Every structure is written in C-alpha cells, then in structure tokens.
Amino acid sequence: MTTLLLSAVGCIIGMIVGFVLALARQSRHPTLIPARILSDLYVEIVRRVLFLITLMLFFFGAQVLGFDLAPLTIALISTSVISTAFVSEIIRGGLESLKPAQLEAAAVMNFTPLQTLRLVSIPQALPIVIPPIFGYFVLFIKDTALASQVGVLELTQAGKIMTTKGHSALLVYAVVLVLYFIVSYPLSRLGGYLENRFVLSRYS
C-alpha cells in the first residue's frame, strides 16, 4: 500500500503541477518572465539530481530546519518534486512539437489563449506526450523503492525484512516481482489505450 501511495501521489501531482510548469515555460508574456525563469531552473536542476540524493536532501534538510516530518511525508514530497520536473519536460516537448501554423490559425480566428490551449494545443499534444509520460510512470513506480533509504517501509524493504526473518529469499523476491508487475502492467496498458484513443480521435 505504501508503494501504491507513493506512486499514485507522485504521478497525480506530477501531472497537475508538471502541466502548469510546462505552460509557464512556454509562455512568452512579459509579466510571466520570472515564472518562466524559475520554472526552467526548477526543472533543469531537479532532473539532473539523483532520486536518492533528492530524498536525502529533503530528509536531512527537514531535520536541520527543525521540521518534524514523518519519513513517509518526506518521501511523498520528494517523489512529487521529482515526478513534477520530469513530467513537465515531457509536456513541454509535446507542446513545442506543434506546428506554428496551427497556433497562427488560432490567432487569426481570434481564439483566446485558453481556447487555443483547450482546442488546439492539448488535443494535438496528447498523442505525443502520453507514451513517454506513462513510460516514465512505470519506471517511477520502481524508483519508489529508494524511499526505504529514509526509513519508509515500502514493498522492496518489506521483502528484505521477510528474508532477514528466515523466509526463502527466492520466494519473497519472486512475490515482490509479481506485485511490481501487477502495479505497473495495468498502467502501461492504460497508456497504450489512451494513446490509441487520442490518435484515432485526432484523425477521425
């Protein structure tokens, strides 16, 4: 359940906040220049720091600053921060892949920025960003095992504890493997279904 919680929270927050950051990074409005700069810095820095290092920074940083946070809370924050940065970059790439002529046509038709985003940018970008986003989420689920390094009892750590209590290591880790597969396989299938659906709707 802890692995599911870390994965679900990281994926959901990554999608929501990552989308907002991608829009900020795409904006060229003068008033949003500070937001664009901060978003770029956030994404570029976080994407280049190892998952484990980010966990440790939040874990020890909370202690130094005097925050009494549970290890699970620190892991949830860390996984959300990491997921947000990677998803934001994927969405940004999808939005930038749009042909300029489509955006120019929306401007000629007097679309507002929100209408352009809802009717032009998002429908065109979805078939492009869905495969890499869901591919990242599958890898992200396995990366949540690193949360055990800050004291979180997740799936892999539970398997390790079972082996130290004398249970068969082969059997325990075989069960862990199956459980990771049960969690990640439906997600990959969902990604494939959504990809096909949006591609078909795009060309229908």
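The values are calculated or read from the model by the stated rules, or taken from the named source; none is laboratory data. Every value quoted in this text rests on a predicted model; they were computed, and no experiment measured them. Positions of Cβ are generated from backbone atoms using ideal geometry, with glycine treated the same way; all protein chains shown enter the neighbour counts. Calculation scope for accessible area: heavy atoms of the full protein, side chains included, ligands and nucleic acids excluded. Shrake-Rupley method; radii C 1.70, N 1.55, O 1.52, S 1.80 Å.
Solvent-accessible area per residue in the chain equals 59 Å², computed with a 1.4 angstrom probe and all protein chains kept.
3J(HN,Hα) couplings calculated from phi for region 56-70 with the Karplus curve 6.51 cos²θ - 1.76 cosθ + 1.60 (θ = phi - 60°) are, in sequence order, 5, 4, 5, 5, 6, x, 5, 5, 5, 7, x, 8, 8, 9, 5 Hz; Gly and Pro show x.
Tell me which aspartates and glutamates have Cα within less than 19 Å of residue 165's Cα, excluding those fewer than 8 residues away on the same chain? Excluding near neighbours in sequence, the set is 154. When Rg and Dmax of the Cα atoms in Å is calculated directly from the model, which label among [x] 20.0, 71; [y] 19.3, 67; [z] 16.3, 48 fits? Entry [x]. Using a Gaussian network model of the chain in which every pair of alpha carbons under 10 angstrom is joined by a spring, one finds that among 88, 168, 184 the greatest mean-square fluctuation is at 168. For residue 142, the lysines whose Cα comes closer than 18 Å to its Cα, not counting residues fewer than 8 places off in the same chain, are 160. Taking trypsin sites (Lys or Arg not before Pro) as exposed when DSSP calls them loop and at most 10 other C-beta atoms lie within 10 angstrom, the chain has its longest site-free stretch at 49-164. Using only Cα atoms, find the angle between the long axis of helix 33-47 and the longest principal axis of the chain, and express it within 0 to 90 degrees, rounded to the nearest 10. Value to nearest ten degrees: 30.
Could you identify which residue out of 178, 46, 150 has the top mean-square fluctuation in a GNM of the chain using Cα springs shorter than 10 Å? In the Gaussian network model the winner is 178.
Ignoring ligands, DNA and RNA, please state the percent of accessible area on the chain from carbon and sulfur, probe 1.4 Å.
Working: 8620 of 12020 Å².
Answer for the chain: carbon and sulfur cover 72 percent of the accessible area.
Where only DSSP H runs of four or more residues are counted, the chain gives -26500 deg cm²/dmol as its mean residue ellipticity at 222 nm, each run worth -39500 (n - 2.57). Between 0 and 90 degrees, the angle of helix 2-26 with respect to the longest Cα principal axis of the chain falls at about 30 degrees.
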